[in-house]
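Colleague: Pasting a structure below so you can have a look.
Where a number appears in this text, it was derived from the coordinates with a stated rule and is not lab data. Model, not experiment: these values are computed from the prediction. Cβ coordinates were reconstructed from backbone atoms using ideal geometry, including for glycine residues, and neighbour counts include every protein chain displayed.
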Amino acid sequence: MHDNTYLPDHFLRHIAAIMPAHLSMDEFVASCRRPLRRSIRVNTLKISVAAFVARMQPFGWQLDPVPWCDTGFWLSREDESVPLGNTAEHLSGLFYIQEASSMLPVTALFACEQIRHDGMLLDAAAAPGSKTTQIAALMGNQGMLVANEYSSSRLKVLSANLQRCGVTNVGMTHFDAKVFGQWLPETFDAILLDAPCSGEGTVRKDEDALRNWSIESIDEIAAVQQGLLESAFHALKPGGVLVYSTCTLSLQENQAVCQSLQDKFGDAFSFDSLADLFPAAEKACTPEGYLHVWPQIFDSEGFFVARLRKQHSVPNTMFKPGKLGKFPFLPLPAKESEPMLREIEAAFGVVPQGNLFGRSEEIWLFPQLFEQVQGKLRFDRIGLKLAETFKKGYRLTHEWALAYGDGASKGFVELDIADAREFMMGRDVWPEQEAAGTGEVIVRYQGHTLGMGKWVGSRVKNALPRELVRDNNLFV
Ligand code: SAM
C-alpha cells in the first residue's frame with residue numbers, strides 16, 4: 001500500500017465527476033494506492049516468447065500473460081536481489097521493462113489490417129522508447145520508423161534503448177512534433193502520437209505525480225495535444241492509421257482532443273471502435289469506441305487510446321518545408337561497401353541489411369526506406385553505426401554487435417557467468433573453454449550478445465563502451 005500517494009481533494013472531485021457510473025471511486029482510490037504489478041515485454045527482435053519463457057523458468061520467474069499484448073507479461077521473481085535492469089537478459093536486450101497498459105497503443109495500431117510492417121511509420125513523441133521498440137519489433141526491423149523526441153536528455157535514453165534492443169530501422173529526430181504536418185504532409189503510413197500529458201494515470205508508479213495538478217495545467221497541455229494531433233493528422237497518408245494515446249484520465253486531454261480533430265476534419269476520417277481489441281476490452285470502451293483504461297479495471301496504470309483511419313486528404317495550410325542544413329553522409333561506393341560486407345559475412349556469417357553511408361571516419365547502415373525522407377527532415381541518427389574506420393581498416397561497433405551478434409554463426413566467444421560478469425564490469429577476460437582466435441570477436445553469454453571484444457593471445461580485450469560498464473550485482 002502506498003499511503004503517501006498524493007491524491008488532492010480537488011483532483012478527486014474532478015475525477016468523481018467523470019468516472020463512469022459502473023465504476024466506483026473507492027476502488028479508484030484503493031487502486032491508486034496499490035503498488036503496480038511489474039511487467040515486461042519480450043523483445044522478439046532477439047528471442048521468441050517461447051524461448052524466453054523457457055530460459056527464465058529455472059530462475060523462478062513467474063510470467064503471467066498480458067491479455068492485450070502477446071509479448072507482454074506481468075512478472076514476479078523468487079529472487080529479487082539483482083535489479084531487473086542488471087540481469088543478463090535485460091543487458092542483452094531480450095526484454096523491455098514496460099507497464100502493461102502502455103503496451104495497448106501499439107497493439108491497437110498493429111491490430112489494424114491496413115498496417116504496413118515494411119512501411120514508413122512515425123512515433124511522434126518517442127522517449128524513452130518503450131513503444132518505439134515495440135513497434136520496431138512488430139515491423140521486424142523492416143521499412144522505416146521515424147522516432148521523434150523533443151527533450152534532449154530523453155533522446156539519449158531513447159538512443160540507448162534502441163541500441164540495446166537491436167533496433168536498426170529507426171531514424172531519430174529532435175523536434176517539437178508539430179513540425180511533421182508542416183514539413184512532411186501525407187508521408188506516413190501509420191503514426192503513433194503517445195502525447196505528453198499530465199500523467200494522472202501514473203500515480204501508482206510515482207506517488208508525487210499529482211503534486212502540481214490543476215485544471216489550468218490540464219487545459220494548457222490539452223491545447224498542446226490538439227496542435228500535435230492536428231499536425232500528425234496532416235502528416236498521415238490518406239488510407240493511413242493513427243493512434244492517439246496518453247497516460248492520463250481527464251476528458252480534456254483525451255476525448256476532447258479527439259473531438260477537436262473531429263470538429264475540424266470529421267468527414268476525412270473515422271475513429272475505429274476498440275471494443276474488440278482483446279477479450280474484456282469492452283470494459284474500458286467509451287461510447288465513441290476509445291479505450292479509457294481506469295486503473296481499477298485491469299489493475300494497471302491509467303491509459304487512453306484512440307485509433308483513427310484517414311479516408312482522404314484535407315487542405316493543408318501548414319505546409320512549409322523545413323530548413324535542413326548540409327547532409328553530412330554520402331552513399332558508400334560499391335567498391336568499398338561490397339568488400340566490407342563480404343568480410344563481415346566471412347568473419348561472422350551474417351550480412352548486414354540496409355544501405356551503407358559514410359561520413360568522416362564512420363560507416364552507417366541506413367534503413368532501406370530512408371531515401372523516401374532524405375532531404376526532407378534533419379536526423380539525429382539514422383539506422384545504425386556499423387563501423388569506425390582508421391588508416392588500416394575498420395572496427396565494428398558495439399551497436400552492430402547488439403543488432404547482429406545473436407545471429408552470427410562464427411566469430412563469437414561464449415562466456416561463462418563469471419567471465420560474463422567481468423566483461424560487463426569493463427574487464428578483459430580469459431575464456432577457459434575456448435581456443436583463442438584472432439581479431440574482433442562477438443562476446444556472448446548463453447547465446448545472446450553482450451558486446452564486442454578483440455582477441456589478444458588467449459585474452460579477450462574488452463570493447464564495451466565506457467558508459468555501459470556496470471559495477472557489481474550483475475546477472476541472476
Ligand atoms: N512513447 C514514449 C514511450 O512509450 O516510451 C513515452 C512518451 S511520453 C508520454 C511523451 C514524450 O513527449 C516525452 O518524452 C516528452 O519529452 C515528449 N514531448 C513533450 N513535448 C513534445 C513535443 N512538443 N513534441 C514531441 N515530443 C514532445
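Colleague: If every alpha-carbon in region 113-247 counts as one equal scatterer, what log10 I(q)/I(0) does Debye give at q = 0.09, 0.10, 0.11, 0.12 1/Å?
Modeller: Log-scaled intensity ratios, in q order: -0.27, -0.33, -0.40, -0.48.
Colleague: Also, quick follow-up: Points 7 angstrom from Cα along the Cβ direction at residue 13 and residue 410: gap in nanometres?
Modeller: Label-label distance for residue 13 and residue 410, simple model: 7.5 nm.
Colleague: Any chance you could run the full-extension gain for residue 311 through residue 436? It's 0.36 nm times the residue separation minus the Cα-Cα distance, nm to one decimal.
Modeller: 38.9 nm
Colleague: Specify which residue in the list 39, 21, 10 is farthest towards the positive end of the charge dipole of region 5-46, using unit charges on the beta carbon of Lys, Arg (+1) and Asp, Glu (-1), about the Cα centre.
Modeller: 39
Colleague: Now a separate question. Which of 234, 203, 221 sits closest to the plus end of the dipole of region 201-246, meaning its Cα is farthest towards the positive end, when Lys and Arg get +1 and Asp and Glu get -1 on the C-beta?
Modeller: With unit charges placed on the Cβ atoms, the residue in question is 234.
Colleague: Another one. Quick check: residue separation of residue 115 and residue 336 times 0.36 nm, minus the Cα distance between them. What number comes out in nm?
Modeller: Full extension of this stretch gives 75.9 nm more.
Colleague: Tell me which GluC sites (Glu not before Pro) from region 61-122 have a DSSP coil assignment and no more than 11 other beta carbons within 10 Å of their own.
Modeller: 78, 80, 113
Colleague: OK, next. Cα gyration tensor of region 410-465, axes a ≥ b ≥ c as square roots of the eigenvalues: rounded (a/c below 1.5), prolate (a/b > b/c) or oblate?
Modeller: Rounded.
Colleague: How large are Rg and Dmax for the chain when only the alpha carbon atoms are used, in Å?
Modeller: Here Rg and the maximum Cα pair distance are 23.4, 72 Å.
Colleague: Fewest to most neighbouring Cβ within 10 Å: what's the order for 319, 475, 188, 348?
Modeller: The order, fewest Cβ neighbours first, is 319, 475, 348, 188.
Colleague: Order of 394, 290 from fewest to most other C-beta atoms within 10 Å?
Modeller: On the way: 394 17, 290 24.
Listed from fewest to most nearby Cβ atoms, that is 394, 290.
Colleague: Now, a different point. Suppose every K and R has +1 on its Cβ and every D and E has -1 on its Cβ; what is the size of the dipole of the chain about the Cα centre, in Debye to the nearest 20?
Modeller: So the magnitude is around 1440 debye.
Colleague: Would you list 417, 115, 344 from fewest to most Cβ contacts within 10 Å? Please list the in-between numbers first.
Modeller: On the way: 417 13, 115 16, 344 22.
By the 10 Å Cβ count, ascending, the order reads 417, 115, 344.
Colleague: Of all DSSP beta bridges in the chain, what percent run antiparallel (nearest 5)?
Modeller: On the way: 53 of 74 bridges.
Taking every DSSP beta bridge with both residues in the chain, the antiparallel ones total about 70 percent.
Colleague: Rounded to the nearest 500, what is the 222 nm mean residue ellipticity of the chain from helices alone, with -39500 (n - 2.57) per DSSP H run of 4+ residues and division by all residues?
Modeller: Calculated at 222 nm, the ellipticity per residue is -8000 deg cm²/dmol.
Colleague: Taking the alpha-carbon distance from residue 323 and a cut-off under 27 Å, which lysines remain once sequence neighbours fewer than 8 residues away in the same chain are dropped?
Modeller: Filter leaves 156, 178, 237, 376, 385.
Colleague: Could you tell me which residue out of 170, 367, 296 lies farthest along the dipole of the chain toward its positive end? Charges go on the beta carbon: Lys and Arg +1, Asp and Glu -1, centred on the Cα centre.
Modeller: Comparing the listed Cα positions along the dipole, 367 ranks first.
Colleague: Moving on. What is the distance in Å between the Cα centroid of region 146-220 and that of region 10-27?
Modeller: 28
Colleague: With a ≥ b ≥ c taken as the square roots of the eigenvalues of the C-alpha gyration tensor of region 195-253, please select rounded if a/c is under 1.5 and otherwise prolate if a/b is larger than b/c or oblate if it is not? Working shown, then result.
Modeller: On the way: a/c = 3.72, a/b = 2.01, b/c = 1.86.
Taking the square roots of the gyration eigenvalues as a ≥ b ≥ c, region 195-253 is prolate.
Colleague: Over the Cα atoms, compute the radius of gyration (one decimal) and Dmax (the largest Cα-Cα distance, rounded to a whole number) for region 377-476, in Å.
Modeller: Just the Cα atoms of region 377-476 yield Rg and Dmax of 14.0, 50 Å.
Colleague: Using 10 Å bins from zero, what percent of all Cα-Cα pairs in region 193-297 falls into each bin?
Modeller: With 10 Å bins starting at 0, P(r) equals 14, 43, 33, 9, 0.
Colleague: I would also like to ask the following. FRET efficiency for residue 217 and residue 359, Cβ-Cβ distance as r, R0 = 41 Å, nearest 0.05? It would help to have the intermediate numbers written out before the result.
Modeller: Working: r = 43 Å, r/R0 = 1.04.
Calculated value: 0.45.
Colleague: Quickly work out the residue 30-to-residue 97 label distance, labels modelled 7 Å from Cα along the C-beta direction, and quote it in nm with one decimal.
Modeller: That separation, rounded to one decimal, is 2.8 nm.
Colleague: May I ask for the distance between the Cα centers of region 49-82 and region 360-389, given as a whole number of Å?
Modeller: Cα centroid to Cα centroid, the span is 35 Å.
Colleague: In addition: Please identify every one of the GluC sites (Glu not before Pro) in region 370-476 that sits in a loop by DSSP and has no more than 13 other beta carbons within 10 Å of its own beta carbon. If you can, show how the numbers build up before the last one.
Modeller: Values: sites: 371, 388, 399, 414, 422, 432, 434, 440, 467; in loops: 432, 434.
The qualifying sites are 432.
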